[in-house]
Amino acid sequence: MRIVIVDDHKLLTDAIALALRDTFDESQLRVYNNPLTFIDTISPDRFPDVVVTDLLMPQMSGLDLLQTLRTITGNRIKVIILTSVTDAQSIRQALRSGANAYIAKDASLKELPEAIQEVMNGQEFISPSLQKSLIKSIITEEQHVFYLSPREKEVLKKICAGMTVKEIAHNMELSAHTVQTYLKKIMKKFKVNRTADLIVFALRHGLYTLPPK
């Protein structure tokens, strides 16, 4: 198994490499203190199995490195983020960008060999110390996204039923401008830009049920 460690802090990369030598073949370990130097070694038919990288590096961010690797090799490289950046938003952004694992730098070094084994087996890995805050963040966001005021719920239901803004305004005894404002708020919460996408979202998430034929 070919493993590459990318971090601008030489003392840290040396310590990581030393920790991995107990589990993996030393001859298959490579260390780069500059992500740009590492990228120069990559080609579609020549790349490591696993890359362990920091997020914060002066030459190139870990996310940019991740996206570059995905562009060159697709999903064939397993990428593990090992960083001091532990807020839920950064974790989610990294995972959405294609990271296979996310480990806090202050975690036990025993986590890294475990993470490597997990990602090579097709699993994702997140430091146990980070999982609680990540889950809490996801729950909080979902609660925020799906919360609609009674008026917004009514507008959504009528939009899904095929009514126009003008028809909804007349039905609810509101101005068309007010209905349009409600509609914009709903679409912003659901992160969609078109009415058609809004209806699909509502159906998929059980916010509207089609009436029986």
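Only the coordinates and a few stated rules stand behind these numbers; no lab work does. All values derive from a computational prediction rather than experimental measurement. Quick reminder, even Gly has a Cβ in these numbers, built from the backbone with ideal geometry, and neighbours come from all protein chains shown.
The table for this structure:
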{"quantity": "Residue among Ser133, Ser108, Ser90 with the largest mean-square fluctuation in a Gaussian network model of the chain, springs linking Cα atoms under 10 Å", "calculated": "Ser108"}
{"quantity": "For the chain, built as a Gaussian network whose Cα springs stay under 10 Å, the top-fluctuating residue of Glu114, Glu124, Glu173", "calculated": "Glu173"}
{"quantity": "Label-to-label distance, nm, for residues given as Asp87 and Arg46 (7 Å Cα→Cβ offset)", "calculated": "4.0"}
{"quantity": "Ala107/Leu36 FRET efficiency (R0 25 Å; Cβ-Cβ; nearest 0.05)", "calculated": "0.40"}
{"quantity": "In segment 1-91, the trypsin sites (Lys or Arg not before Pro) that fall in loop regions by DSSP, at most 14 other Cβ within 10 Å", "calculated": "Arg21, Arg76"}
{"quantity": "Residue among Val192, Thr181, Val51 farthest towards the positive dipole end of the chain, charges placed on Cβ", "calculated": "Thr181"}
{"quantity": "Counting DSSP beta bridges with both ends in the chain, the antiparallel % (nearest 5)", "calculated": "5"}
{"quantity": "Ellipsoid equivalent to the chain - semi-axes via the Cα gyration tensor, in Å", "calculated": "48, 17, 15"}
{"quantity": "Segment Asn171-Asp22, length gained on full extension (0.36 nm per residue, minus Cα span)", "calculated": "46.5 nm"}
{"quantity": "Dipole moment magnitude, nearest 20 debye, segment 80-206 about Cα centre, only Lys, Arg, Asp, Glu C-beta charged", "calculated": "560"}
{"quantity": "Axial C-alpha extent at least 24 Å, average Kyte-Doolittle at least -1.0 - helices from the chain (DSSP)", "calculated": "128-146"}
{"quantity": "Difference of contour (0.36 nm per residue) and Cα-Cα distance, Gln117 to His9", "calculated": "36.5 nm"}
{"quantity": "Segment 108-123 and segment 1-47: distance between their alpha carbon centers, rounded to Å", "calculated": "15"}
{"quantity": "Charge dipole (the chain, unit charges on Cβ, about Cα centre) - positive-most of Leu148, Leu69, Pro113", "calculated": "Leu148"}
{"quantity": "Given charges at beta-carbon only (K, R positive; D, E negative), |dipole| of the chain in Debye", "calculated": "1300"}
{"quantity": "Cα-only radius of gyration and Dmax that characterise segment 1-91, units Å", "calculated": "12.6, 36"}
{"quantity": "Long pairs among Lys158/Lys189; Lys105/Lys188; Lys10/Lys78; Lys105/Lys191, criterion Cα-Cα beyond 27 Å", "calculated": "Lys105/Lys188; Lys105/Lys191"}
{"quantity": "Selected from Gly62, Gly122, Gly98 as most flexible by GNM, with the chain as the system and alpha-carbon contacts under 10 Å", "calculated": "Gly122"}
{"quantity": "Cα Rg, Dmax, segment 148-204, angstrom units", "calculated": "10.2, 29"}
{"quantity": "Helix-only mean residue ellipticity at 222 nm for the chain, each DSSP H run of n ≥ 4 adding -39500 (n - 2.57), per residue, nearest 500", "calculated": "-15500 deg cm²/dmol"}
